[in-house]
There are 2 protein chains.
Amino acid sequence: MINRMDPSKIFFLVDENTHEHCLPGFLQLLEELPELEILEVEAGEDSKSAEVVVQLWEALAALEADRQALMLNLGGGVITDLGGFLAGTYLRGIPFINIPTSLLAMVDASAGGKNGINLAGMKNRVGLFLEPEAVFILPGFLESLPQRERVSGFAEMLKHGLIADAAYWEELQDFDIHKAIPDEAIIRRSVEIKQQVVQEDFRESGLRKILNFGHSVGHALESLSHQTDRPLLHGEAIALGMIVELQLSVKYSGLSQRDADAAAEDIRKIFRGLECKAEPAAVLHLMRGDKKNVQQQLRLSLLKEIGSAVPDVPVDEDGLVEVLAQML
Amino acid sequence: MINRMDPSKIFFLVDENTHEHCLPGFLQLLEELPELEILEVEAGEDSKSAEVVVQLWEALAALEADRQALMLNLGGGVITDLGGFLAGTYLRGIPFINIPTSLLAMVDASAGGKNGINLAGMKNRVGLFLEPEAVFILPGFLESLPQRERVSGFAEMLKHGLIADAAYWEELQDFDIHKAIPDEAIIRRSVEIKQQVVQEDFRESGLRKILNFGHSVGHALESLSHQTDRPLLHGEAIALGMIVELQLSVKYSGLSQRDADAAAEDIRKIFRGLECKAEPAAVLHLMRGDKKNVQQQLRLSLLKEIGSAVPDVPVDEDGLVEVLAQML
């Protein structure tokens, strides 16, 4: 496929880890390659910054990238988020392909066309809706992924089951992410669910927001944990966010208490010992800045039942604080 | 229309000139307004920078702009280019309307969906293809525009005639831009030509490039003039660029020498006394970085005849230098 695109030059975006552990193996898969350049950023969320974007724009310009250049984003969600925004804005858009190396990026970040950077402490405050030319899923990368990160990525797969496919949710309960590496089939079902939702609502005017289940609370917990000495991984924060939002679903969108409790219990079993001591008031404060709110009214994507979600549910602040105090 | 969009807040992007001279009059045209904020940047091309974009992203975040916010870009091409990029990337895109206040912006920058900023001395190196929700054309703004800028903007109207409509080109010869202010009809014909071309090729894979006639050479002359104490206005540089590219059209795309000479003479009559002493080698050097080149080969949009252009004509460097030496 890459050869068919006949790029003038290939630009790999990597971090120091994917540069060392993933790039050599990937290059061996390719037959012939045009000239290539490697852009390396530091691993971690801090690279999703305006400062790094400006440096990378300047690097592309200095390396004389033209409109026939191709970007290959090889890494986790930070790399695909950053690289998609970079490619989407340089020269008003050059083609790019995502090659996710983490489970989280495979089932979430690399598909669906969202990209972006953080700004002023707010996640994805700047970015684009823009699909890559392709996403290459290579489960082999998961073998070298630390177990904690693999389990974290599993949270988004669980979410796909909860919002859209009760049978997939059950199937995932039989999979032991602590012992086994997900194969292509089980990964693909997650990507399919995400793509189905996205296709019906690319710009997130309605349905797409259901993908946000667990994220309104989860993003806030993630941000707060980064101010402590025990930062949560994204999927861990989403797991906690889903536990809270399951209970909110009982209160605001008609989920049965029994289903909420059972699902929360299943999540807790997978994310053993995970906890987060956040002040409800601090969580609320961060959630007020969420992109999905309308005219200062909190709006969350919640569940009607296991396997079925509904976007834009108004949630009152007192009710939220009460559930947060109870669940965290 | 603005009321119909029901924005949560309106953000005006202005420079100090349009803030003082255009905003008060525009606000009087509106009946009811939601809350509004004013973002002011310094007048001039230097504001089309990564640094200013980052400041404006941060300002929008600090002012809690949400997805229902509306940006109104009130100014010349710098403001519409900068504001379109800002709105297109903040929160992955909020709606924006262009309200051009210069002739150049009315007939060129505000329509067609290109926006962007400069980087490392290269024009529009970063940006998006993205249409505004609407463009408001208010010829009244032209009355307070300095005459030199009005004449400069006329260059893009002349270009529209040359590339797509010989009758419009003739009509423009009968219009004295030094004495009269263009009315809505003559402006609208320019916008129509541009929109027709753009509709057929939004992402500039082919036909759209004909809008670039006069710009490959013109942009280089504009950049070089900014290193001197006599900087050219954009339209002035394009006028000179068109004179050079008319002669290149004789050499590379079959325009008759007679038509080229007559058109160049007409342009010189309008841009009286305009000149630019640039070294052909320096012009060539800048043109090598042009976005339209393919695999290091110079490609220009040139004329087959008056009213008809052809994109992507390969031009050899020796031939270019020869014509530059002769025409400048």
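The values are calculated or read from the model by the stated rules, or taken from the named source; none is laboratory data. Source: prediction; values computed, not measured. Glycine also receives a Cβ, built like all others from the backbone with ideal geometry; neighbour counts cover every protein chain displayed. Each accessible area value is taken on the protein alone, full model and side chains, heavy atoms only, with ligands, DNA and RNA left out. Shrake-Rupley method; radii C 1.70, N 1.55, O 1.52, S 1.80 Å.
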**OP:** Name, by its number, the condition in (1) open to solvent by 50 Å² or more (accessible area, probe 1.4 Å); (2) of a type outside the set (A, V, I, L, M); (3) under 22 Å from residue B:198 (Cβ atoms) that does not hold for residue B:161.
**Re:** (1)
Subject >> Residue count for region B:4-16, restricted to those that are part of a helix (DSSP H, G or I) and at pLDDT below 95 >> reply: 2
Original post:
Does residue A:178 fit the bill of being in a loop (DSSP other than H, G, I, E, B) and open to solvent by less than 70 Å² (accessible area, probe 1.4 Å)?
Top reply: yes
Original post:
What number goes with the only condition from (1) touching a helix residue (DSSP H, G or I) at 6+ places or on another chain (Cβ under 9 Å); (2) within 14 Å of chain A (Cβ to nearest Cβ); (3) not basic (Lys, Arg) that residue B:205 does not pass?
Top reply: (1)
Subject >> Hits in region A:257-278 - residues which are among the small types (Gly, Ala, Ser) and either surrounded by fewer than 12 Cβ atoms within 10 Å (Cβ to Cβ) or over 21 Å from residue A:227 (Cβ atoms) (or both) >> reply: A:260, A:262, A:263, A:264, A:273
Original post:
Among the listed residues B:189, B:203, which satisfies the condition of being part of a helix (DSSP H, G or I) and under 17 Å from the mean Cα position of the chain (by Cα)?
Top reply: B:189
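Residue-wise test of (1) buried (at least 19 other Cβ atoms within 10 Å of the Cβ); (2) within 20 Å of residue A:155 (Cα to Cα); (3) out of contact with any Gly (no Cβ under 8 Å at 6 or more places or on another chain).
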site: A:203; (1), (2), (3): no, no, no
site: A:210; (1), (2), (3): yes, yes, yes
site: A:216; (1), (2), (3): yes, yes, no
site: A:238; (1), (2), (3): yes, yes, no
Subject >> Extreme residue, nearest to the other protein chains (Cβ to nearest Cβ), among residues of region B:127-147 that are part of a strand (DSSP E or B) and within 15 Å of the chain's Cα centre (by Cα) >> reply: B:129
**OP:** Quick one: which helices (runs of 4 or more DSSP H) lie wholly within region A:21-126 and hold at least 1 residues that are over 19 Å from residue B:126 (Cβ atoms) and either within 11 Å of chain B (Cβ to nearest Cβ) or out of contact with any Lys or Arg (no Cβ under 8 Å at 6 or more places or on another chain) (or both)?
**Re:** A:23-29, A:77-89
**OP:** Give the residues of region A:199-238 that are of a type in the set (A, V, I, L, M) and at pLDDT below 90, sorted by residue number.
**Re:** A:207
Original post:
For region A:227-236, what are the residues that are in contact (Cβ under 8 Å) with a residue 60 or more places away in the chain and open to solvent by 10 Å² or more (accessible area, probe 1.4 Å)?
Top reply: A:233, A:234, A:236
Subject >> Options A:77, A:88, A:140; residue that is over 28 Å from residue A:303 (Cβ atoms) and open to solvent by 10 Å² or more (accessible area, probe 1.4 Å) >> reply: A:140
**OP:** Among the candidates B:249, B:253, single out the residue that is open to solvent by 10 Å² or more (accessible area, probe 1.4 Å) and touching a Lys or Arg at 6+ places or on another chain (Cβ under 9 Å).
**Re:** B:253
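Yes/no matrix, rows are residues, columns are (1) under 30 Å from residue A:88 (Cβ atoms); (2) in contact (Cβ under 8 Å) with a residue 24 or more places away in the chain:
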{"site": "B:115", "(1), (2)": "yes, yes"}
{"site": "B:122", "(1), (2)": "yes, yes"}
{"site": "B:154", "(1), (2)": "no, yes"}
{"site": "B:162", "(1), (2)": "no, yes"}
{"site": "B:165", "(1), (2)": "no, yes"}
{"site": "B:169", "(1), (2)": "no, yes"}
{"site": "B:180", "(1), (2)": "no, no"}
{"site": "B:188", "(1), (2)": "no, yes"}
{"site": "B:195", "(1), (2)": "yes, yes"}
Subject >> Hits in region A:134-158 (condition: within 15 Å of residue A:111 (Cα to Cα) and at pLDDT 95 or above) >> reply: A:153, A:156, A:157
**OP:** Looking only at region B:29-48, count how many residues are open to solvent by less than 30 Å² (accessible area, probe 1.4 Å) and small (Gly, Ala, Ser).
**Re:** 1
**OP:** Report whether or not residue A:223 is crowded, with 21+ Cβ neighbours inside 10 Å, within 15 Å of residue A:327 (Cβ to Cβ) and in contact with a strand residue (DSSP E or B) (Cβ under 9 Å, 6 or more places away or on another chain).
**Re:** no
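Yes/no per residue for (1) under 17 Å from residue A:51 (Cα atoms); (2) in contact with a helix residue (DSSP H, G or I) (Cβ under 6 Å, 6 or more places away or on another chain):
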position	(1), (2)
B:31	no, no
B:37	no, no
B:43	no, yes
B:48	yes, yes
B:52	yes, no
B:56	yes, yes
B:64	no, no
**OP:** Among the residues of region B:256-280, count how many are closer than 16 Å to residue B:308 by Cα, under 25 Å from the mean Cα position of the chain (by Cα) and in a loop (DSSP other than H, G, I, E, B).
**Re:** 0
Subject >> region B:206-235, subset more than 16 Å from the chain's Cα centre (by Cα) and hydrophobic (A, V, I, L, M, F, W, C), residue nearest to residue B:163 (Cα to Cα) >> reply: B:207
Original post:
Residues of region B:283-316 being touching a helix residue (DSSP H, G or I) at 6+ places or on another chain (Cβ under 6 Å), open to solvent by 30 Å² or more (accessible area, probe 1.4 Å) and not in a loop (DSSP other than H, G, I, E, B), which ones?
Top reply: B:286, B:311
**OP:** Sort out which residues of region B:113-137 are of a type in the set (Lys, Arg) and open to solvent by 20 Å² or more (accessible area, probe 1.4 Å), and write them in order of number.
**Re:** B:114, B:123
